[in-house]
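Novice: Just passing along the structure, written as structure tokens.
What follows draws every value from the coordinates through simple rules; no lab data is involved. Keep in mind it's a predicted model, so treat the numbers as computed, not measured. Cβ coordinates were reconstructed from backbone atoms using ideal geometry, including for glycine residues, and neighbour counts include every protein chain displayed.
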Amino acid sequence: MTDLAQDMNKLSVNGDARNGASATQNGAPANGGANGSADQPQKRQYVPPHLRNRPQGQARSDFGGSGSNGRGSSSGRGFAFGGSGSYGGGRRGGGYGSASRAPNPRSGQGRWVDGKHEPSPRNERIELELFGSAEESGSSTSGINFDNYDDIPVEASGDDVPDAITSFTAPPLDELMVENITLSRFTKPTPVQKYSVPIVAKGRDLMACAQTGSGKTGGFLFPVLSECFKNGPLPVPDTAGPFSYNKVYPTVLIMAPTRELVSQIFEEAKKFCYRSWVRPAVAYGGVDIGQQMRTLQRGCDLLVAAPGRLTDMLERNRVSLANVKYLILDEADRMLDMGFEPQIRHIVQECDMPDVQDRQTLMFSATFPRNIQMLARDFLKEYIFLSVGRVGSTSANITQKVLLVEDDEKRSVILDLLSAADLGLTIVFTETKRMADYLADFLYDQGFPATAIHGNRTQYEREKALAAFKNGTAPILVATAVAARGLDIPNVQHVINYDLPTDIDDYVHRIGRTGRAGNVGIATSFFNRNNKIIVKDMISLLTEASQEVPDFLIKISRESSYGGRGGGRGGRSGGFGGRSGATRDFRRGGGGFGGSSGFGGGFGGGSSYGGSNDFGSARSSGYSSNYGNQNQSTSWW
DNA sequence: AAAAAAT
């Protein structure tokens, strides 16, 4: 309860009425004065997850419309947390109560009886809830331009790589899975799916270098759930011990770095578990753990979890991994960057999870640095290595623009950008949480419906911000790195790097929030001499992507060539042109990599990827002196 | 240097 009180308190202090009030605001941009009335708590409104992305009562992306009015009724209180909870799919009309998570026969929940799968009958209402209506196809999950996937290069290596599939058929997929895929309006497999489906069906382990936009989530959900549908659950082990009645034994464990990503995967999993015996569940921090654990007890065959919360539940003995047949690590490099390696190793190696040989393990990672290679060596067996080209970023999907903007000009330039045209959903990235808050407030005061997402906001605020962004209530999302990777938000048209990151990989991930799934997007970056650190990488990236390279970039890169990173990251050799980071199967000529000297030079990105987290120090040494330019510009943030 | 994640 105190949590809730804190949340609410924070909300009002924060003036987060901007989400709800934006619609009324927008009619009169530049009218900062109208803001005063927005601070009434009643303005806060929350769209329950099962109603999100629905056109009813709310004109999508028409943020000048009557958005905030249409969503009446919900008082927006009781479900502040449990927020995650309500993802189970509301049963009752306005049902955001925690009970809505319980699977029951009328919730599209099938059964496994006497060694046979008994899918539940179809249910129109649930299908509408999970998959949306046919009319709005193209707005939520689809909108995918499947044709553009055909160009994506894929390279599979390893022993006995199975042939790729070319369509979703049973076999190798389960009949029910094919039906669910159809309901989701996925018409044909993306490149990563073409390989992952037969690989998993053959019982093989997989190490895949791929981005979220590549259809990665389906890449593991389709085949893994398919196998589950065919094979059924394992019995609770004899070793369960006392108190095992409130313990859950998931068959599938999926881990991902951020709460939003976990939540997003869970949403997908719900679709593909439809009518089957597999009950999906989710575990992540920021919400009440007691409630979350009770939810788990109502069914947890597939668990999507953030490492921290899962560790917590394991310590409380509420989750057993003894029945895990499928382990999936998503965004593995990101998780390691965030320091999760000890926890992940603990979960995988020191709890009761079956040994490598007795489970199937799939790892997904954007890059393949040494620490990921080590993890792959320890977690995977005779795996197949899959390297999937990027769906954008280096192709023509994303138009990349770089503007020379000094720090104190940024505010004015972003206003120009935002007022220029009818922008669709726009994500603005900043480097710091403070700046994200500041900028969101600033934009909001200037009449732009903006909201912010970063790690200092409560989970409730984060979810609300994301929802408001997705449904167009707040079509401008100011974000920190929390939203840089993995999040799959359809229809983002513009990414603005208000502050450029210091790492070119972050840049690639950020701009990858637009131009997704084969669609086009724009990325605009504010560059000045404070961003010298990535100037060389920027130039090579833009060049590879056949984008315009502004003269000032060349000029500044020459200026810095005396000291800086001499040659930057050189190479970028990892396979497909423009891929960031090394993504090559390293298991060649000599197997073991413990002492192999080949790494540093072998991969283009070897230098920065070689060690786990040590690049920070390596870089900061050469650059700290370059920051002489911050003459009290801090006064406004 | 910042960000993320269990409390």
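Novice: Can you bin region A:172-300 into rounded, prolate or oblate? Criterion: square roots of the alpha carbon gyration tensor eigenvalues sorted a ≥ b ≥ c, rounded for a/c under 1.5, prolate for a/b above b/c, oblate for the rest.
Specialist: Since a/c reaches 1.5 and a/b is larger than b/c, the shape of region A:172-300 is classed as prolate.
Novice: Using a 7 Å offset from the Cα along the Cα-to-Cβ direction at both A:Phe552 and A:Asp159, what is the distance between the two label points in nm, to one decimal?
Specialist: About 5.7 nm, to one decimal.
Novice: Turning to a different aspect of this structure: Could you point to the residue in A:Ile181, A:Pro171, A:Ser157 farthest towards the positive end of region A:148-196's charge dipole, with +1 and -1 charges on the Cβ of Lys/Arg and Asp/Glu respectively?
Specialist: The one lying farthest along the dipole's positive direction is A:Ile181.
Novice: What ranking of A:Leu403, A:Leu380 emerges when the number of other C-beta atoms within 10 Å of each C-beta is taken as an exposure proxy, fewest first?
Specialist: A:Leu403, A:Leu380
Novice: Direction-averaged shadow area of the convex hull around the Cα atoms of region A:433-545, nm²?
Specialist: So the Cα hull casts an average projection of 7.3 nm².
Novice: What distance in nm separates the two pseudo spin-label positions at A:Ser412 and A:Arg185, each 7 Å out from Cα along the beta-carbon direction?
Specialist: 4.4
Novice: Turning to a different aspect of this structure: Taking H placed 1.01 Å from N in the peptide plane, check which residues at least 5 places from A:Trp112 or on another chain put their amide H under 5 Å from its amide H.
Specialist: Residues meeting the criterion, in which the H sits 1.01 Å from N, are A:Glu118.
Novice: Excluding residues on the same chain fewer than 8 positions from A:Lys247, give the lysines whose Cα lies under 27 Å from its Cα.
Specialist: In chain and number order, the partners are A:Lys116, A:Lys230, A:Lys270, A:Lys271, A:Lys325.
Novice: What size of dipole, in debye to the nearest 20, comes out for region A:153-294 about its Cα centre when the only charges are +1 on Lys and Arg C-beta atoms and -1 on Asp and Glu C-beta atoms?
Specialist: 400
Novice: Which order do the peptides A:115-127, A:448-460 come out in when sorted by mean C-beta neighbours inside 10 angstrom, highest first?
Specialist: Descending packing order for the listed peptides: A:448-460, A:115-127.
Novice: Sticking with this structure for a sec: How much length, in nm to one decimal, is gained on full extension between A:Ile289 and A:Leu404, taken as 0.36 nm per residue of separation minus their Cα-Cα distance?
Specialist: Length difference between fully extended and current span is 36.7 nm.
Novice: With a ≥ b ≥ c the root eigenvalues of the C-alpha gyration tensor of region A:316-433, is it rounded (a/c under 1.5), prolate (a/b larger than b/c) or oblate?
Specialist: Prolate shape, in that a/c is at least 1.5 and a/b is the bigger ratio.
Novice: Taking amide H atoms as placed 1.01 Å from N in the peptide plane, list the residues 5 or more away in sequence, or in a different chain, whose amide H sits under 5 Å from that of A:Ala474.
Specialist: Answer set, sorted by chain and number: A:Phe469.
Novice: For every other residue with a beta carbon closer than 13 angstrom to the beta carbon of A:Arg377, add +1 if it is Lys or Arg and -1 if Asp or Glu, then tell me the sum.
Specialist: Net local charge, A:Arg377 excluded: 0.
Novice: Would you pull out the residues with amide H under 5 Å of A:Val304's amide H, same chain only if 5 or more places away, H placed 1.01 Å from N?
Specialist: Correct list: A:Ile254, A:Ala281, A:Val282, A:Ala283.
Novice: Can you return the aspartates and glutamates within cross-link range of A:Lys410? Criterion is Cα-Cα under 14 Å, with same-chain partners fewer than 8 residues away left out.
Specialist: Leaving aside aspartates and glutamates fewer than 8 places away in the same chain, those within reach of A:Lys410 are A:Glu431, A:Asp499.
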